[in-house]
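Throughout, read-outs are computed from the coordinates displayed, never taken from laboratory work. Being a predicted model, the structure only gives us computed values, none of them experimental. Backbone-built Cβ (ideal geometry, glycine too); neighbour counts: all protein chains shown.
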Amino acid sequence: LKVDPMLLEHLSAGRHVALVSGTNGKTTTTRLLAVALGADRARVVINETGSNMPPGHVAALVADRVSDRAVLEVDEIYLPRVVTATSATTVVLLNLSRDQLDRTNEVRMIAGKWRAAFAAAPHTHVVANADDPLVVWGAGAAAYVHWVGAGMNWQFDAVGCPACAGRIRFDSTGWSCEARCGLVRPTPVASLLVEAGECRGIWADGRSIQINLGLPGRFNQSNALMAAVAAEIQGIDAVTALEAMSKIRTVAGRFTTRQFGEASARLMLAKNPAGWSELLTLVGADRGAVVVSINARVADGADPSWLWDVPFEQLAGRRVVATGDRCRDLSVRLQYAGVEHGVEHDPTTAILIAAKSAEGGAVDVIGNYTAFNDLLLSGTAMTDIDEGSP
Ligand SMILES: [Zn+2]
């Protein structure tokens, strides 16, 4: 890129490039979409490692010069530049929420930059979450927008209207700007419906398609629906796309189980309040032991004050052990949340302590980026099938 600043343009030329961006779910949705676009046996390039800035995109594309389809995960801040450089066919926009505030922009600023980029990309199809006002504002200037009723658990970053700075009112039917500037939830082409334990995608044209995934959580069902709508734009019908996605069991080690001595730990990654909120809801149905691990290294963001935005109150009554480089910050937060817990600096020891009281020695572990990756590398894989294939 230093020698040839147009390298990403050159490597993208002649390919159908789909981009996936947003604060939460990028890596998983990128993988889901890549599998869907490969359902007709086409080869698909993907930046599998989550290296989501232009050097990562160049590395992925240069390693495979043959495939004419590419799916790239893109950092939110770099999205405008990458949309232009790749002449993206399709862009999937998941959500915008606070994340690593010591190094990134305030999210409303990012939405504004997205909006300007799509106004200048007249051929790009945007698949956007209709339930996130910031995403709706960001996508709103695109020539072709396919709105998806994907839902949004975490609404606290979208209470201010990105168009007029009025207040956004959320209710059971959607959202709108109270100042009546006109910004309102758009009508989706497809929506997620979860009823009696069954999840379906409901299309405005009357189709109703079951969404069965090997990945857990409502947020992954949302990601799959977004990917299915994007796949249809590139000629893969939604039934075929969702069928292909159903075979994925784990993405980049998330939700995989690792063995630590006698203990088995299901490893989950959450990097910001929106992600934590989703995972705490997911594990909320269990009563087993939970290990919570927090670091504040460069890749995590140096400022752990976001811990105060996470609804840790949901862990009250559980066996909880706080660990990681910033286990003491976490311990103070858990104290104020009314969650009884132990503190152990070393993550492996923390898992062993939690497992002692857990049925079958099984614990759930939620960590932020480097905390999760360290455990993924230090634990022993239990079965090959759990790993999934890239
Ligand atoms: Zn407004």
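Around Leu72, which amide H atoms from residues at least 5 apart in sequence, or from another chain, sit under 5 Å from its own amide H, with H modelled in the peptide plane?
Counting only residues 5 or more places away or on other chains, the set is Ala18, Leu19, Val20.
Is the range 5-84 rounded, prolate or oblate when judged by the Cα gyration tensor, a ≥ b ≥ c being the square roots of its eigenvalues, rounded requiring a/c under 1.5 and prolate requiring a/b larger than b/c?
It is oblate, given that a/c is not under 1.5 and a/b is not larger than b/c.
For His146, which sequence-distant residues (separation of 5 or more, or a different chain) have an amide H within less than 5 Å of its own amide H, given hydrogens modelled in the peptide plane?
Val126, Val127, Ala128
How large is the dipole of the chain about the Cα centre if only Lys and Arg carry +1 and Asp and Glu carry -1, each at its Cβ, rounded to the nearest 20 debye? Mind dumping the intermediate values first?
On the way: 35 positive and 41 negative charges, 102 e Å.
Result for the chain is approximately 480 debye, rounded to the nearest 20.
In the chain, which Cys residues have no partner Cys with a Cβ closer than 4.7 Å?
Cys199, Cys327
Taking a virtual spin label 7 Å from the Cα of Arg43 along the C-beta vector, which residues in the range 55-77 bring their backbone nitrogen under 11 Å of it?
It comes to 63-69, nothing else.
Apply the a/c threshold of 1.5 to the C-alpha gyration tensor of the range 283-390 and tell me whether it is rounded, prolate or oblate.
oblate
For a quick check: sort Val189, Val135, Val291 by the number of other beta carbons within 10 angstrom, fewest at the front.
Least to most surrounded, the residues fall as Val189, Val135, Val291.
Could you list Arg15, Arg65, Arg328 so that the one with the fewest beta carbons within 10 Å of its beta carbon is first and the one with the most is last? Display every interim value, and only then the final one.
Values: Arg15 18, Arg65 9, Arg328 13.
By the 10 Å Cβ count, ascending: Arg65, Arg328, Arg15.
Would you list which lysines come within 20 Å of Lys26, measuring only between C-alpha atoms, while excluding same-chain residues fewer than 8 positions from it?
Lys113, Lys247, Lys271
Would you mind checking the range 128-143 for residues with the amide N under 16 Å from a putative spin-label position 7 Å along Cα→C-beta of Asn105?
134-142
Picking from Thr256, Thr380, Thr348, which is most flexible by a Gaussian network model of the chain using Cα springs under 10 Å?
Highest fluctuation of the listed residues: Thr380.
What are the ³J(HN,Hα) values, in whole Hz, obtained from phi via the Karplus relation 6.51 cos²θ - 1.76 cosθ + 1.60 with θ = phi - 60°, for each residue of the range 85-95 in sequence order, with x given for Gly and Pro?
In residue order, the calculated couplings are 5, 9, 6, 3, 6, 9, 10, 9, 10, 8, 6 Hz.
At 0.36 nm per residue, and after removing the present C-alpha to C-alpha distance, how many nm does the segment from Ala165 to Thr240 gain when stretched out fully?
Here the answer is 22.8 nm.
Please find, in a Gaussian network model of the chain (springs between Cα atoms separated by less than 10 Å), the residue of Leu280, Leu72, Leu94 whose mean-square fluctuation is greatest.
The residue that fluctuates most here is Leu280.
If the elastic network links every pair of Cα atoms under 10 Å, which of Arg326, Arg318, Arg41 fluctuates the most in the Gaussian network model of the chain?
Of Arg326, Arg318, Arg41, the most mobile in the Gaussian network model is Arg41.
Could you line up Arg218, Arg287, Arg254 from fewest to most neighbouring Cβ atoms inside 10 Å? Please report the intermediate quantities before stating the final value.
Values: Arg218 16, Arg287 12, Arg254 20.
So the ranking, lowest neighbour count to highest, is Arg287, Arg218, Arg254.
Would you calculate a helix-derived [θ] at 222 nm for the chain, using -39,500 (n - 2.57) for each DSSP H run of n ≥ 4 and dividing by the full residue count, to the nearest 500? Display every interim value, and only then the final one.
Working: 12 runs with 121 residues, N = 390.
Only helices count here, giving -9000 deg cm²/dmol.
Per residue of the range 364-375, what does 6.51 cos²θ - 1.76 cosθ + 1.60 with θ = phi - 60° give for ³J(HN,Hα)? Whole Hz please, x for Gly and Pro, Karplus curve as stated.
Running phi through 6.51 cos²θ - 1.76 cosθ + 1.60 with θ = phi - 60° gives 8, 10, 10, x, 7, 3, 6, 5, 5, 5, 4, 6 Hz.
Which of Pro273, Val291, Ile110 sits closest to the plus end of the dipole of the chain, meaning its Cα is farthest towards the positive end, when Lys and Arg get +1 and Asp and Glu get -1 on the C-beta?
Ile110
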